[in-house]
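Below is one structure, written out as structure tokens; the observations come after it.
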Amino acid sequence: MARPDKAAAVAELTDRFSNSAGAVLTEYRGLTVTALKNLRRSLGDDATYAVSKNTLTTIAARQAGIEGIEDHLVGPTAIAFIDGDPVTVAKGLRDFGRANPLLVIKGGVLDGKVLTSDDVKKLADLESREVLLAKMAGAMQGVLQNAVSLFAAPLSQAARALGALEAAAAENPSLIAGAGAAAPAGEAQEPTNEEPDASSPVSETTSEPTNDELAADAAPAADATEAAPAAEVTEAAPAAGDTSA
């Protein structure tokens, strides 16, 4: 490969190492072209799978700040650069390798850290992001349902209490009669301290006499007091006449 082509290949690999979520190194020796196409199709948009020279890959990894990857670059190498969920890509490569034993996982890189083949297999055993999100959504839905139940319980209890009160009031309206409310027709009200009892001898309330009425009642007494001395004088007159005679 000419030097300009190598420089362009190294630059492209360096960019992929720097901007991808990770990478999985595999050995593809013995796989047919059709099998490789099927592998790329199975990975879909989560990863791009391409054959790479070990020397160029080592240089590009170092330029991207990744150290120690050269230990896995032995024999023919094809790299799956991860653009989506790393767990999904690891599962896809593992499952394809089970059906095609010629595909061997050498190791990988995730978040700038070098992974062994066992690390990649452990990554494949994890649950994918979609599954974790689904479980999280289910857990949140369960929490929301519990919260709704907690809020709905007092409301249902209050509704039952109001229903019981309404039923009791239908049988006995006095339960909900407010202060000062008129009693139902046909029922006598109990007398209060301010209202006269109908059974008392005095059926009407007496009022205090006015000043004019007091003056009218006092007038005859005053006339009688003034007339009394005159009557005494009249009765004493004959006695005085008899003495003079």
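The values are calculated or read from the model by the stated rules, or taken from the named source; none is laboratory data. As the structure is a computational prediction, the values presented were derived from the model and not from experiment. Positions of Cβ are backbone-derived with ideal geometry, glycine not excepted, and every protein chain shown enters the neighbour counts.
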Residue check, residue 5 modelled with pLDDT of 90 or more, acidic (Asp, Glu) and either surrounded by fewer than 20 Cβ atoms within 10 Å (Cβ to Cβ) or on the phi > 0 side of the Ramachandran plot (or both): no
Any residue that is more than 15 Å from residue 101 (Cα to Cα), surrounded by fewer than 17 Cβ atoms within 10 Å (Cβ to Cβ) and at pLDDT below 95 - is there at least one of those in region 19-29? yes
Yes/no for residue 64 being under 19 Å from residue 21 (Cα atoms), modelled with pLDDT of 95 or more and either assigned by TED's automatic domain parsing to the domain that holds residue 14 or surrounded by fewer than 21 Cβ atoms within 10 Å (Cβ to Cβ) (or both): no
Tell me, yes or no, whether region 100-119 has at least one residue that is surrounded by fewer than 10 Cβ atoms within 10 Å (Cβ to Cβ) and modelled with pLDDT of 90 or more. yes
Failed item in (1) more than 19 Å from residue 17 (Cβ to Cβ); (2) at pLDDT 95 or above, with residue 42 passing the rest: (2)
